[in-house]
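J.: Below you'll find the structure I mean.
The values are calculated or read from the model by the stated rules, or taken from the named source; none is laboratory data. Here the structure is a predicted model, which means the values were calculated and not measured. FYI the Cβ positions are ideal-geometry reconstructions off the backbone, even for glycines, and counts take in every protein chain you see. For accessibility, only protein heavy atoms count, side chains too; no ligands or nucleic acids. Shrake-Rupley method; radii C 1.70, N 1.55, O 1.52, S 1.80 Å.
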Amino acid sequence: MVEAHLDLIAEGDLRPTGERIAERAGISLRTLWTNFKDMETLFEASGAELLRQQDAAWRPISPTLPLAKRIDAYCRQRAKLLQLIAPSARAAQMREPVSAQLRRNRLKHIDRVRDEVEQLFAVELDRAGTGREQLLNAVVAASMWPAWSMLRDGLGLGVDAARAVMARTVAALLAEPVAR
């Protein structure tokens with residue numbers, strides 16, 4: 001059922017109904033709603049599946065690499081993961097204003113990226129002194145879905161060009177942290 005939900009979204013049906021999900025899953029609508037009490041519980045299960053897929057695709061990056069190599073590896077991986085979630089992120093944007101679960105799902109993604117940035121760029125963040133939190137927030141914001149969507153959907157950039165812009169942004173942010 002979760003797979004059917006995510007498949008429909010990936011195919012461009014950004015607001016699949018229970019009926020379409022059940023049909024795709026080859027089950028009755030009643031079976032769908034027996035397993036999920038409402039769309040919010042389906043969003044929760046679909047969000048967990050997306051996190052599982054990201055976990056399977058994610059590879060650790062050594063924080064001991066030179067800064068330029070860490071930035072390159074980080075942005076390559078972020079581009080890959082953002083492309084993985086792109087259809088679901090687009091769909092979630094439409095429903096998030098009225099879905100507490102979709103907001104919780106987004107916060108999980110933010111927390112994961114925040115943790116990764118804190119570990120991977122700890123030295124540069126610490127050098128920022130009192131501006132550490134601001135720098136952390138800037139790097140996270142530059143490498144999350146809204147920025148990626150602007151590059152891909154708003155500016156029409158291909159994956160490689162969008163990744164290069166992300167890398168340039170992250171590199172500029174981490175080049176000389178300024179305490180503010």
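J.: Can you pull out every residue in region 149-160 that is surrounded by 13 or more Cβ atoms within 10 Å (Cβ to Cβ) and farther than 15 Å from residue 91 by Cα?
T.: 150, 151, 152, 157, 159
J.: Within region 90-120, how many residues turn out to be within 12 Å of residue 46 (Cβ to Cβ) and among the aliphatic types (A, V, I, L, M)?
T.: Matching residues across region 90-120 total 3.
J.: Oh, and also: State which residue pairs qualify: first residue within 17 Å of residue 69 (Cα to Cα) and surrounded by fewer than 19 Cβ atoms within 10 Å (Cβ to Cβ) and inside region 162-180, second residue among the polar types (S, T, N, Q) and modelled with pLDDT of 95 or more in any location, beta carbons under 8 Å apart, and separation of 6 or more residues or different chains.
T.: Partner pairs satisfying both residue conditions: none exist.
J.: Something else now. Quick one: which helices (runs of 4 or more DSSP H) sit completely within region 7-70 and have at least 2 residues that are of a type outside the set (Phe, Trp, Tyr), closer than 30 Å to residue 169 by Cβ and open to solvent by 30 Å² or more (accessible area, probe 1.4 Å)?
T.: 39-57
J.: With respect to residue 82, is the statement that it is at pLDDT 95 or above and in a helix (DSSP H, G or I) true?
T.: Judged against the criteria, residue 82 is a match.
J.: Could I ask something else about it? Inside region 92-138, can you point out the residues that are small (Gly, Ala, Ser) and touching a Pro at 6+ places or on another chain (Cβ under 8 Å)?
T.: Of everything in region 92-138, those that are small (Gly, Ala, Ser) and touching a Pro at 6+ places or on another chain (Cβ under 8 Å) turn out to be 122, 128, 129, 131.
J.: Further, regarding this structure: Would you check which residues across region 28-69 are more than 18 Å from residue 7 (Cα to Cα) and of a type in the set (Ser, Thr, Tyr) and list them?
T.: If the condition is that a residue be more than 18 Å from residue 7 (Cα to Cα) and of a type in the set (Ser, Thr, Tyr), then 31, 34, 62, 64 are the ones that fit.
This table checks each residue for (1) at pLDDT 95 or above; (2) open to solvent by less than 30 Å² (accessible area, probe 1.4 Å); (3) closer than 30 Å to residue 66 by Cβ; (4) assigned to a helix (DSSP H, G or I).
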| site | (1), (2), (3), (4) |
| --- | --- |
| 87 | no, no, no, yes |
| 95 | no, no, no, yes |
| 101 | no, yes, no, yes |
| 111 | yes, no, yes, yes |
| 123 | yes, no, yes, yes |
| 133 | yes, no, yes, yes |
| 137 | yes, no, yes, yes |
